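What follows draws every value from the coordinates through simple rules; no lab data is involved. Every value quoted in this text rests on a predicted model; they were computed, and no experiment measured them. Cβ sites come from the backbone with ideal geometry, for glycine too, and all protein chains shown count toward neighbours.
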Amino acid sequence: MKTIQLFILALVLMAGDLFAQGFISDQITKNKDGIALEDSTFIGSWPMFGKGNVRMKIGGYMKNDFVYDVNGTRDKTQFLMSTIPVQGEADYGSTGYVSFFSKETRINLDVRSKVNNTPVQMFFEGDFFSSVGNQFRIRHAYIKVGGFTFGQTWTNLTFLETLPFIIDFAAGDALFGGRSNQIRYETNINKNWLFGASIEYLENMGIENPNTLNGVAQAQLPLVSMKFIYSKNNTKLFFGASAAQLHWTGGPEGKNASTPQLDVIFGGRRQIDKKNSVSFNVNYGVGSGENILAFIGSNANAVLTQEGELVAMKSFSALVGYTHHWNEKWSSNFSYAYGWLMDIPDSRDPFALKAGGISHVNLVWQPLKYFSTGIEYMRGAQRTANSSFGVANRVQFMTKFDF
């Protein structure tokens, strides 16, 4: 018995010595062909055996939301300015309701390689936040080759860094941008400056046709944009502009009409210290209200007049955010977003969104590495084209598992 114990002790000491020399650790981190199973530059990935130098990773999160809406806003899954009932509408003064859902849950696949020192990436992500039920929808589907990006992802002028963490899915009400199919190029000018340019598909013309004239809104030209990003120490600043064309095709019995769409945007983020950070985002545009997330789907770009002319509306949006970490596990976020349209034609739908603001404040607890939970209070207001006004309040609780 004593001999067996001594033998086991000798094996343990030998294994420790092998680990110290790196022999066994090499076997754990590499396969028989010497391919590394772990990569510190692509954490969580693994090699696609038989595919050469190709690695992949699965990521995403499971999120469960529990909502109590005080004033009966029309969307039970996200708090949007345009869904707040205003005076004069049938649902103004509605009672509150509860809503439980897991639609924001998402999953992604990230595949990367390097060919002749050129990085190559394929990224796909989807969630269940479709307009119909819990159907799966594509969020991102793009390929990156060096500095080029091809496919659907955030637009060139979507600066997500200006957003604090908000529990509500409509976190970026006054954020300019969204997702589009595009061809984009980005390059570092120097250690502080990055330049990006894109050609993007303008899917939503955002043209209101109050007189039901013949024809359809249709893209004839792509949107083009440029941006500059300045990064130094704990500060990041964004500058960008875009130009596009809004077009109405009248068909054989109608009249064709076009008008320019122009945008300028400025934003930034500052990490004050380890516990505090602030951010902001400001946009001004002509014929581009639909590029502001709060106005998506409200035909906020232009109005087609009785004479068949397109009248572009001016738009402005502003967003401020603040994040505070109470300690390693507790944090709070605050944001306020405001946007409005100007030069609105009299023929526009009287109950169409004209201006609105939404504020969010939350408390988030992360007791475990991959699990977090939190609660958020939000308050919003909407003013429509006929100056009707409405206010709404909502509380949202969530649980989230990131992987």
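Note the full-extension length gain between residue 264 and residue 366 as 0.36 nm times their separation in residues minus their Cα-Cα distance, in nm to one decimal.
Net length gain for the segment: 33.0 nm.
Kindly identify region 47-402 as rounded, prolate or oblate by the Cα gyration tensor criterion: order the square roots of the eigenvalues as a ≥ b ≥ c, call it rounded if a/c is under 1.5, otherwise compare a/b with b/c, prolate if a/b is larger, else oblate.
oblate
Which net charge results when you count Lys and Arg as +1 and Asp and Glu as -1 among the other residues whose beta-carbon is under 14 Å from that of residue 201?
Spelling it out: positives minus negatives among the neighbours equals -1.
Given an 8 Å cut-off on Cα distances and at least 6 residues of separation, report the relative contact order of region 217-307 as a percent. Walk me through the numbers before you get to the answer.
Details: 166 pairs, mean separation 18.5, N = 91.
20 percent.
Would region 263-341 count as rounded, prolate or oblate if I go by the C-alpha gyration tensor, calling it rounded below 1.5 in a/c and otherwise prolate when a/b exceeds b/c, oblate otherwise?
prolate
Once a ≥ b ≥ c are taken as the square roots of the eigenvalues of the Cα gyration tensor of region 166-281, is the result rounded (a/c under 1.5), prolate (a/b larger than b/c) or oblate (a/b not larger than b/c)?
On the way: a/c = 3.63, a/b = 2.04, b/c = 1.78.
Taking the square roots of the gyration eigenvalues as a ≥ b ≥ c, region 166-281 is prolate.
Multiplying the sequence separation of residue 145 and residue 113 by 0.36 nm and subtracting their Cα-Cα distance, what value in nm do you get?
Gain on extension, residue 145 to residue 113, equals 10.5 nm.
Estimate the FRET efficiency between residue 161 and residue 37 by the formula 1/(1 + (r/R0)^6), using the beta-carbon distance for r and 30 Å for R0, to the nearest 0.05.
0.40
Taking only Cα atoms, what is the 0 to 90° angle, nearest 10, from helix 2-21's long axis to the longest principal axis of the chain?
It works out to around 50 degrees.
If I stretch the segment between residue 324 and residue 135 completely, what's the gain in nm (0.36 nm per residue apart, minus their alpha carbon distance), one decimal?
That pair, residue 324 and residue 135, stretches by 64.5 nm at full extension.
With a cut-off of 13 Å, note down the residues of region 96-124 whose backbone N falls inside the zone around a label point 7 Å from the Cα of residue 48 toward its beta carbon.
109-115, 120-124
Spin-label point model (7 Å from Cα, Cβ direction): what's the residue 91 to residue 359 distance in nm?
Here the modelled spin labels are 2.5 nm apart.
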